[in-house]
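The structure appears below as structure tokens.
Derivation of every value follows stated rules applied to the coordinates shown; laboratory data play no part. Keep in mind that what you see is a predicted model, and the values were worked out from it rather than measured. As a convention, Cβ positions derive from the backbone with ideal geometry for all residues, glycine included, and neighbour counts pool all protein chains shown.
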Amino acid sequence: MKHVVISLLLLCAFLMTPPAQACVGKTLFVGISGPPQEMLLAEMVSQLITERTGTTVKIQQYKDSAELYNAIKKGEVGMLVESTDRALQILGRKEGNSQLAYELVKKEYRKSMNLVWLDPFGTSHPHAPVISLDTIGHLPALPKLLNKLAGVMNDDNYAKLLKSLKSDEKPHQIARDFLKAKKLI
């Protein structure tokens, strides 16, 4: 009799439990508008986010910066891969020192566009992730996760990745191999 009661309780608990929801949230759209190197970096970002958070990430390529930034203003893109050189052009500013340039665009993007610059991917190649404040609100752990790329990407790694890209390897596979080698996924 005791087993029957326990079985009935377990059955009731099972039937009353709502179905599990997937941990995948909204789709995050990452925008790029530049050379193939941006696709490689966007693939790294995409795979890292997908593997570590379960969030679906889609990369969207735009024909130019104006089209990309228009999509950001409309809320169609939550993140982009940007360089300080191009950001300075967009802001109509000039700066010779790369660290000062990074600090300038970081401050101006936050103030005028509600975009947050994360740590650059490399020291002499600043293709940094830039995230909208809205995206950070939905995925607050994202900046900490993406800043892990800054710690493993140096000039030598970057040069090797670009060499692989030029030898017609697919950006998706290059990014995946790199992230696995660095034990990030």
Query raised in the report: For 56, 135, what ranking results if the residue with the fewest other Cβ atoms within 10 Å of its Cβ goes first?
Result: 56, 135
Report task. Check the straight Cα-Cα distances from residue 74 and name the aspartates and glutamates below 20 Å, setting aside those fewer than 8 residues away within the same chain. Result -> 64, 82, 108, 134
Query raised in the report: What's the extension gain from residue 144 to residue 170 if we count 0.36 nm per residue and subtract their Cα-Cα distance?
Result: 6.7 nm
Report task. Averaging sequence separations of C-alpha pairs under 8 Å and six or more residues apart, then dividing by the length of region 23-181, give the relative contact order as a whole percent. Result -> 24 percent
Report task. Step through the residues of region 71-76 one at a time and calculate ³J(HN,Hα) from phi using the Karplus curve (6.51 cos²θ - 1.76 cosθ + 1.60, θ = phi - 60°), rounding each to whole Hz and writing x for Gly and Pro. Result -> 5, 5, 4, 7, x, 7
Report task. Per residue of region 91-104, in order, report the coupling 6.51 cos²θ - 1.76 cosθ + 1.60 (Karplus, θ = phi - 60°) as ³J(HN,Hα) in whole Hz, putting x for Gly and Pro. Result -> 7, x, 10, 9, 7, x, 7, 5, 5, 5, 4, 4, 5, 5
Query raised in the report: Highest mean first, what order results for 88-100, 43-55, 149-161 on Cβ atoms within 10 Å?
Result: 43-55, 149-161, 88-100
Query - Cα centroid separation, region 89-145 to region 168-185 (Å) - result: 24 Å
Query raised in the report: Summing Lys, Arg as +1 and Asp, Glu as -1, what charge do residues with Cβ under 11 Å from the Cβ of residue 151 carry, residue 151 excluded?
Result: +1
Query raised in the report: By how many nm would the segment from residue 85 to residue 181 grow when fully extended, if each residue of separation counts as 0.36 nm and the alpha-carbon distance is taken off?
Result: 31.6 nm
**Report entry** residue 51-residue 98 pseudo-label distance in nm [points 7 Å out on the Cα-to-Cβ vector]
**Finding:** 2.5 nm
Report task. Order by neighbour count: 108, 67, 38, fewest other Cβ atoms within 10 Å first, most last. Result -> 67, 108, 38
